[in-house]
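The structure appears right after this line, and notes come after that.
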C-alpha cells in the first residue's frame, strides 16, 4: 500500500491494493469470494458509501433458514453462498476515486500468489486449530491448504496459490467483467454447482455495487459518517448517541465513576442487541426508515429506561439471541491531502462456506448465514444484515480525520464504540484508545471483559 501511495495513488488505490494482498495473508477472513463496504472522504470533505455486500442468489434454497441453529457455529454448505460482490466494489471505488491504472493495483499480489510465501502466524493458528484442522482436511480447502500428505500446512511453510494468481492476472488485464461475465465466471459457477450451491451465471451478471449517502451523527466537534443499513453503522451510531447524552469526559473513567460509566455502557449494549433485528436491506423492508435509531429522541428514551443500580431480563431489552460472527478484515487509509477511506471486507465465518473453487482459486463466502436469528425468510437479491461499519470521523474546525473500522462480527460494534469513546471523550491518544481492553456484550447479553480489563 505504501508503494502505491508513493507512486501517486489515491487512498482508494492504496486500500484496494492492501485488500488484494490481505486476501492472501488472511484468506480465512476475506477475498474475491466475499463482499465489502467502503466509506470514502474526498479532499473536499465529501463522504460517499460504496457497498458491494453479497446478495441472495435468485434460485436460493427455499427452506435454508430452517437449518439455522445456535449450536451450529460453522455453516459450511454451498447452499449458504451469496453472490460475491468484492471485485465489483473495487471496480466502482476505483472508477470514482482511483488515480493509478487498475492493473497496477494487482501487480504485487499476483507475484506473491504465484511465487508463494510462508504461511503467516495468524493464518497458521487457524489452520492448526484442532476443530478447523479436521474440517479443512475433509473439505475442498485441503487442495490449497494441505501438503501432499493431505495434512494442513503449518505457520512458516510455503503456500502457493497459482489458480488465484491466474484469476487475479485476468481481472487485472480485462477488468471486473472478467469475474462476472467471462471464463472466470463460468469456472466459478461450475465449481459452486458441483459443491451443491445455487449460484448462477445470471446472479453474477446482474450483480451491481451501489453508491449510497452516509448516515451522520454529530459527536461534539466531530461528525461521524456511517454506512446505512443493512450495514452495522446504525447500531454503532445508536450506542454512541445514547452514551453521548451522559456527557462523558476523562473523569468518567476514574474511581466510582468508571464503574457507573461501564454499567451504563453495558446496558446500552444490551439495548443495541435488541435493535439488531431492525437492520435489514431497505430495498426489501416494508417498515419505516430505521434512522430513528440514531435520533436524539430515541437516545433519550433509552437513557430513561436505564437504571444506574439494576439490570434486567433479556426481554426488557427486546434482545433476540443470534450467533456472534467472526471473520472480516478492515483497512483504513488517510492521505496528506485530507482524503481518507475506511473499508471492511468479509467472507463471513472463518473460511466462509469452506467451498474452494479449484478452477479460480477463490474461497466462497457463507454470507446467507447472516440472516440466521434475524429473519425467517429470504428474498433474491437481498443483502444480509451486517455488523460491518467502516466509518470516518471528521472535524472541520480541528482539521482532523479519523478512518476507523473493525473485524470480528458483532464484536466490531464494541471495539469501535469503545475506541471512539476512549479517544473523543476519555482523552486517550489514538494508540492507547485502540489498545485499551474492551467489554463485549454478546448476543445472549452475557458480559465478556477482555483480558486485562480493569474490573
Which ones in the range 382-415 are surrounded by fewer than 24 Cβ atoms within 10 Å (Cβ to Cβ), modelled with pLDDT of 95 or more and farther than 18 Å from residue 434 by Cα? 382
Just wondering, is there one or more residues in the range 155-173 that are within 30 Å of residue 95 (Cβ to Cβ) and without any contact (Cβ under 8 Å) to a residue 40 or more places away in the chain? yes
Tell me the residue from 163, 172 that is in the same structural domain as residue 103 (by TED's automatic domain parsing), at pLDDT 95 or above and under 24 Å from residue 96 (Cβ atoms), please. 172
Condition check: outside the structural domain of residue 206 (by TED's automatic domain parsing), out of contact with any strand residue (DSSP E or B) (no Cβ under 9 Å at 6 or more places or on another chain) and assigned to a helix (DSSP H, G or I). Does residue 416 satisfy that? no
Condition set outside any helix (DSSP H, G or I) and within 18 Å of residue 111 (Cα to Cα), scope the range 1-34, selection modelled with the lowest pLDDT: answer is 1
For the range 29-46, name all the residues that are over 13 Å from the mean Cα position of the chain (by Cα) and surrounded by 22 or more Cβ atoms within 10 Å (Cβ to Cβ). 32, 33, 40, 41
Going through the range 35-52 one residue at a time, which ones are under 15 Å from residue 91 (Cβ atoms) and in a loop (DSSP other than H, G, I, E, B)? 52
Collect the residues in the range 131-144 that are more than 17 Å from residue 349 (Cα to Cα) and surrounded by fewer than 17 Cβ atoms within 10 Å (Cβ to Cβ), keeping them in residue-number order. 137, 138, 143
Name the one entry in 112, 65, 92 that is over 30 Å from residue 3 (Cβ atoms) and in contact (Cβ under 8 Å) with a residue 40 or more places away in the chain. 65
From the list 348, 376, which residue is crowded, with 24+ Cβ neighbours inside 10 Å, touching a helix residue (DSSP H, G or I) at 6+ places or on another chain (Cβ under 8 Å) and in a loop (DSSP other than H, G, I, E, B)? 348
If we scan the range 188-211, do we find a residue that is within 30 Å of residue 298 (Cα to Cα) and touching a residue at least 40 places away in the same chain (Cβ under 8 Å)? yes
For the range 229-240: of the residues being touching a helix residue (DSSP H, G or I) at 6+ places or on another chain (Cβ under 8 Å) and part of a loop (DSSP other than H, G, I, E, B), which is surrounded by the fewest Cβ atoms within 10 Å (Cβ to Cβ)? 229
Tell me, which strands (runs of 3 or more DSSP E) lie completely within the range 145-228 with 1 or more residues that are crowded, with 20+ Cβ neighbours inside 10 Å? 215-219, 222-226
Test residue 399 against the criterion of being within 27 Å of residue 215 (Cα to Cα) and touching a helix residue (DSSP H, G or I) at 6+ places or on another chain (Cβ under 7 Å), and give yes or no. no
Any residue in the range 246-258 that's outside the structural domain of residue 300 (by TED's automatic domain parsing): show its pairings with residues that are outside any loop (DSSP other than H, G, I, E, B) at Cβ separation under 8 Å, as long as the two are six or more apart or on different chains. none
Boolean, residue 444 is part of a strand (DSSP E or B), surrounded by fewer than 18 Cβ atoms within 10 Å (Cβ to Cβ) and either free of Cβ contacts under 8 Å to residues at least 40 places away in the same chain or not assigned by TED's automatic domain parsing to the domain that holds residue 165 (or both): no
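The values are calculated or read from the model by the stated rules, or taken from the named source; none is laboratory data. Values in this document were obtained by computation on a predicted structure and should not be read as measured data. Positions of Cβ are generated from backbone atoms using ideal geometry, with glycine treated the same way; all protein chains shown enter the neighbour counts.
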